[in-house]
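**Q** Starting off with a structure, shown below.
Please treat every number below as a calculation from the coordinates, not as lab data. Note that this is a predicted model, so its numbers are computed, not measured. Positions of Cβ are backbone-derived with ideal geometry, glycine not excepted, and every protein chain shown enters the neighbour counts.
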There are 2 protein chains.
Amino acid sequence: MAATTGTTGPRADMVRNRRLLLDAATEAFAEQGLDASMGDIAQRAGLAKGTVFRHFPTKEDLLSAIMLRLLDRLAGSAGRLLDADDAAAALREFMADGVETLAADRAFCEVIGRPSLQQSEVRDAIADLCVAVEALTARARDQRVIRDDVTGTDIVLLLGGIHQTAAPLLDTQPQAWRRYLELALDGLRTTHPSRLPEAPPGRPEISTR
Amino acid sequence: MAATTGTTGPRADMVRNRRLLLDAATEAFAEQGLDASMGDIAQRAGLAKGTVFRHFPTKEDLLSAIMLRLLDRLAGSAGRLLDADDAAAALREFMADGVETLAADRAFCEVIGRPSLQQSEVRDAIADLCVAVEALTARARDQRVIRDDVTGTDIVLLLGGIHQTAAPLLDTQPQAWRRYLELALDGLRTTHPSRLPEAPPGRPEISTR
DNA sequence: AGCAAAGATGACCGCTGGGTCACCTTGACC
DNA sequence: GGTCAAGGTGACCCAGCGGTCATCTTTGCT
């Protein structure tokens, strides 16, 4: 049999370790936010600290890897919902998914809210997400089921806002975000549009790809 | 002349230093959030590190002092607006004030969103704020100018949410929060009420005074 | 002016966290 | 099974943090 690859591929245990690491980091960052330490992550993964840094030269790199994973998942979710019959329901479902994701991940929230913490790949991924969601939003707009002056970026930004609204209640009423999601949706409906001030935002940060 | 006070009052420079300290800390926490360091605060105030700790035994104490100041200011603002003629306008004005305050203060946001970081006095002050805002909200509710299923606590929570929504745009569109405030207000209006899920929240955290 | 006490000071401590590196282990190919 | 480079390891370094304390300075009273 011919060589599997021209250059010998990566070692088997390396791939395994990378997985362990990403999983551990996901957990740690979700629970402790940006304060999660590299040492703790190594321990969770059952690996040595040095190994973490071999895979990800800086903490920021590791964080980005995880953010990209999540953003991708959300963009995928948005894409899949494009096929749904009911545009309004699809949008609500996407938003529910998004808010729940945020509620479960502290680091994600912290990074989303502060572009200065994002490396360019993350910013690009957010921009991509905005594009995907804009498609979803456009459908709802065209069907006159939401007001015509909101964009995909508005929706993405609202995810963070809705979560933040309910965040202080997380301990006592973990489902409180549903209340504020519904409130936001009421604001998005088309019945009684008050003109929104401020230009609709472009992607949160323009990045030269 | 009789003694100025029974027990000799605090020294003059101490009061001055306390002021300097609070001002410096306000600035530092606003800019850098909870990551602001005691050393940096001392430097800003032009004092030695030890002095900071003489006035506030722990970082948490200093932080609380500042939070209390701000929460008080907001509660006062809410109280004053009770006299306004137009309940809807008063509510909008209060919310604008609140969101702007949040936008200007990183630490405030971080603490508001996480009750676990709040010492009991701060929780009490938040509860007080909710009460004050409930009065404002009740008027608007009674005048049928906002839906009848939102409470003062909802409004207070929304402040954080609205700010968070606009936070990623702070660099490029510092006024973007106005857009999302208007969106939220549209959701609060009475025209087309969809029933909100989840019980209306009590004060974010119940505290035994 | 002199004095005692309240207060200011900054060197110091212990600890944690990101990141490095010289050395050891292991997987993959012969 | 032997070989060797890719990869794993953890002791180590350093910076910055919250917090302490013996010591010096200032204030306000007499």
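**Q** Relative contact order for segment B:80-149 using alpha-carbon pairs under 8 Å, separation at least 6, rounded to a whole percent? Walk me through the intermediate numbers first.
**A** Details: 30 pairs, mean separation 29.8, N = 70.
With pairs under 8 Å counted, the relative contact order is 43 percent.
**Q** Compute the convex hull volume of the Cα atoms of the protein assembly as shown, divide it by the residue count, and report the result per residue in Å³ as a whole number. List each step's numbers first, then the result.
**A** Working: hull volume 82.7 nm³, N = 418.
Convex hull of Cα atoms, per residue: 198 Å³.
**Q** Multiplying the sequence separation of A:Arg19 and A:Ala48 by 0.36 nm and subtracting their Cα-Cα distance, what value in nm do you get?
**A** Working: separation 29, 0.36 × 29 = 10.44 nm, distance 1.45 nm.
Between A:Arg19 and A:Ala48, full extension yields an extra 9.0 nm.
**Q** Mind giving me the nanometre distance, one decimal, between the label points for B:Ala199 and A:Glu60, set 7 Å out from Cα along Cα→Cβ?
**A** Once both label points are built, they end up 4.6 nm from each other.
**Q** In addition: For segment A:9-57, treating each Cα as an identical point scatterer without solvent, what Debye log10 I(q)/I(0) comes out at q = 0.15, 0.20, 0.29 1/Å?
**A** Here the Debye-derived log intensity ratios amount to -0.35, -0.59, -1.10.
**Q** So, one more: Size of the dipole of segment A:58-188 about the Cα centre, Lys and Arg at +1 and Asp and Glu at -1 on the beta carbon, nothing else charged, in debye to 20?
**A** Working: 14 positive and 22 negative charges, 44 e Å.
Rounded to the nearest 20 debye, it is 220 debye.
**Q** Quick check for me: using +1 on Lys/Arg Cβ and -1 on Asp/Glu Cβ, what's the dipole size of the protein assembly as shown about its Cα centre, in debye to the nearest 20?
**A** On the way: 50 positive and 60 negative charges, 144 e Å.
Here the size comes out at about 700 debye.
**Q** Another question about this same structure. Sorting A:Lys49, B:Lys59 on the 10 Å Cβ count, fewest up front, what's the list? Spell out each step's value before the answer.
**A** Numbers: A:Lys49 14, B:Lys59 17.
Exposure proxy ranking, most exposed first: A:Lys49, B:Lys59.
**Q** Continuing with the same structure: Quick check: the angle from helix B:87-103's long axis to the longest principal axis of chain B, C-alpha only, nearest 10 degrees?
**A** Roughly 40 degrees between the two axes.
**Q** Out of B:Thr51, B:Thr172, B:Thr191, any idea which swings most in a Gaussian network model of chain B, alpha carbons joined below 10 Å?
**A** B:Thr172
**Q** Please report, for A:Gln143, the nm distances (one decimal) from its label point, 7 Å out from Cα along the beta-carbon direction, to the equivalent points in the remaining copies, shortest first.
**A** 3.7
**Q** Which FRET efficiency value, to the nearest 0.05, do you get for B:Thr190 and A:Glu100 by plugging their Cβ-Cβ distance into 1/(1 + (r/R0)^6) with R0 = 30 Å? Could you put the intermediate results ahead of the total?
**A** Details: r = 29 Å, r/R0 = 0.97.
Taking R0 as 30 Å, the efficiency between B:Thr190 and A:Glu100 is 0.55.
**Q** Can you tell me which of B:Thr137, B:Thr58, B:Thr151 moves the most in a GNM of chain B? Springs connect C-alpha atoms under 10 Å apart.
**A** Residue with maximal mean-square fluctuation among B:Thr137, B:Thr58, B:Thr151: B:Thr58.
**Q** If you rank B:Arg179, B:Arg189 by fewest surrounding Cβ atoms within 10 Å, what's the result? Kindly include the intermediate steps, with their values, before the conclusion.
**A** On the way: B:Arg179 24, B:Arg189 18.
So the ranking, lowest neighbour count to highest, is B:Arg189, B:Arg179.
**Q** Here's another thing I want to ask about it. Ranking B:His163, B:His192, B:His55 by Cβ neighbours within 10 Å, fewest first, what do you get?
**A** Working: B:His163 28, B:His192 13, B:His55 17.
Ordered by Cβ neighbours within 10 Å, fewest first: B:His192, B:His55, B:His163.
**Q** What does the C-alpha gyration tensor say about the overall shape of segment B:80-209? Classify as rounded when a/c is under 1.5, otherwise prolate if a/b is larger than b/c, or oblate. Intermediate values should be presented prior to the final figure.
**A** Numbers: a/c = 1.57, a/b = 1.10, b/c = 1.43.
Here segment B:80-209 falls in the oblate category.
**Q** What lysines does B:Lys59 reach when the alpha-carbon gap must be under 23 Å and sequence neighbours fewer than 8 apart in one chain are set aside?
**A** Reachable lysines: B:Lys49.
**Q** Distance from a point 7 Å along Cα→Cβ of A:Thr172 to each backbone N in segment B:136-153: keep the residues under 18 Å and list them by number.
**A** B:150-153
**Q** Please report, for the Cα atoms of segment B:1-105, the Rg to one decimal and the Dmax as a whole number; what are they, in angstrom?
**A** For segment B:1-105, the Cα radius of gyration and maximum Cα-Cα distance read 17.9, 55 Å.
**Q** Taking B:Gln43 in one copy and the same position in all the others, each labelled 7 Å out along Cα→Cβ, what are the pairwise distances from the first, in nm, shortest first?
**A** Relative to the other copies, B:Gln43 has label-point distances of 3.1 nm.
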